[in-house]
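The values are calculated or read from the model by the stated rules, or taken from the named source; none is laboratory data. Owing to the predicted nature of the structure, the values given are computational and were not obtained by experimental measurement. Here the Cβ is made from the backbone with ideal geometry for all residues, glycine too, and neighbour counts use every protein chain on show. Keep in mind that these areas ignore ligands, DNA and RNA; they rest on the heavy atoms of the full protein, side chains included. Shrake-Rupley method; radii C 1.70, N 1.55, O 1.52, S 1.80 Å.
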2 protein chains.
Amino acid sequence: MAPPAETLTAERILEATEEVLRRHGPAKATVVDVARALGVSHGSVYRHFRTKAALREAVTKRWLDRTSQRLAGIAGATDRDPATRLREWLAALFDAKRHKAGDDPELFATYTVLTDEYGSVVGEHIEDLVTQLTEIVAAGVATGAFTADPRPAARAVFHATGRFHDPGYAREWQRPGVDEEFTAVVDLLLRGLTR
Amino acid sequence: MAPPAETLTAERILEATEEVLRRHGPAKATVVDVARALGVSHGSVYRHFRTKAALREAVTKRWLDRTSQRLAGIAGATDRDPATRLREWLAALFDAKRHKAGDDPELFATYTVLTDEYGSVVGEHIEDLVTQLTEIVAAGVATGAFTADPRPAARAVFHATGRFHDPGYAREWQRPGVDEEFTAVVDLLLRGLTR
DNA sequence: CAGATGACAGATATTGAAATCTGTCACCTG
DNA sequence: CAGGTGACAGATTTCAATATCTGTCATCTG
């Protein structure tokens, strides 16, 4: 059922777009470049994505979804105790972001531009993450470990840790002492949640 | 001892610079404009500020200091109980920022550009604010209301409330529901601090 | 005939020459 | 002679012409 390798699919276009963005950056990456990379005319790209914006948006969504999926594994590990899971989930989010930002700063900057462009996609991603957090908090409430209204509490935890996952703070993630700051905030939040 | 009104002082240059920034914005405000507004040659401005950057930095500092001074009043009100003082201080910070951003968005954008340019001035301003918070937390620890190491706890509170005072989030401050989000975060933090 | 093409019009970006600005300094002036 | 000036060199910005890109669509082809 999988189409032959040479068939032009949305998937192949997205991969080529990621590569073009990596090479040229967000300002210079054009639809013509993507078409050239695939060896087709740019008109063909427009058969799969109505506009350049739609294409960039789809690439952005893909990138964010990869992070969500990684974290979903931790949120769903219902065998572990909620406090630990919350800590690990937040640490994993911080770690994922910090590595993305530190390992390839240019690519990270590229995606930061894209996420700024497509606020609604980011909004959905955040709702997704808050839902994962809600799952953990709700588990804690069920256990009796936490006292809280899960959804608003999860949202508060997400907002309170913004410094450790919002791309706007990426510069700070390299500085010494951030880990202590992270731990201090998470400790304080966990004390606030704990019965 | 106060110099006559027509004497060129650093103070008068700073006032003129604020006005020029308000009128022309950060990108188009030039030293020549400032000199023109004061009716002097631009060489005279350079007698008081070594570079354009030094002038802009001084204006930025003045602007930040005005906020610090307002908040210092609340932090220093040692007659009131620490938990209330902490809430009021954070609410006052949020309120001050939100009004600056909402009442004159262009001027706020101008100063956001300036604060991005002069990170060290912002750093000092933040240290100043964290010191004020530390004072409140320490008072709470003395009372027995809070359990915490005042300085790191104050820093954690500051970081955890970044969403409600960092200019990068200014867009969010207009949205409905932010007040509830603010209250949720502050409640959680206060629960964490409280013995 | 489904899918690809490339010519085209209007929008956007690039480029380089001209204009303006920054920072210095030798020289005024009250 | 303290404080101010304006001409100047080099850096930066502006602006208009030129080039490139986006999105459409009539046409082509396997």
Return the total of residues in the range B:28-63 being within 12 Å of DNA strand D (Cβ to nearest atom), touching a Ser or Thr at 6+ places or on another chain (Cβ under 9 Å) and under 16 Å from B:THR115 (Cβ atoms). 1
Checking B:ALA53 against (1) free of Cβ contacts under 8 Å to residues at least 60 places away in the same chain; (2) over 24 Å from B:HIS165 (Cα atoms): exactly one of these is not met. Which one? (1)
Of (1) assigned by TED's automatic domain parsing to the domain that holds A:LEU8; (2) open to solvent by less than 30 Å² (accessible area, probe 1.4 Å), A:LEU71 fails just (1)
Please go through (1) over 13 Å from the mean Cα position of the chain (by Cα); (2) part of a helix (DSSP H, G or I) for B:ALA77 and return the number of the only condition it doesn't satisfy. (2)
With respect to the numbered conditions (1) touching a residue at least 12 places away in the same chain (Cβ under 8 Å); (2) under 22 Å from A:GLY168 (Cβ atoms), which one is the sole condition not fulfilled by B:HIS159? (1)
Filter result for B:ALA83 (away from DNA strand D (no atom under 16 Å from the Cβ), within 30 Å of B:ALA148 (Cα to Cα) and within 14 Å of chain A (Cβ to nearest Cβ)): yes
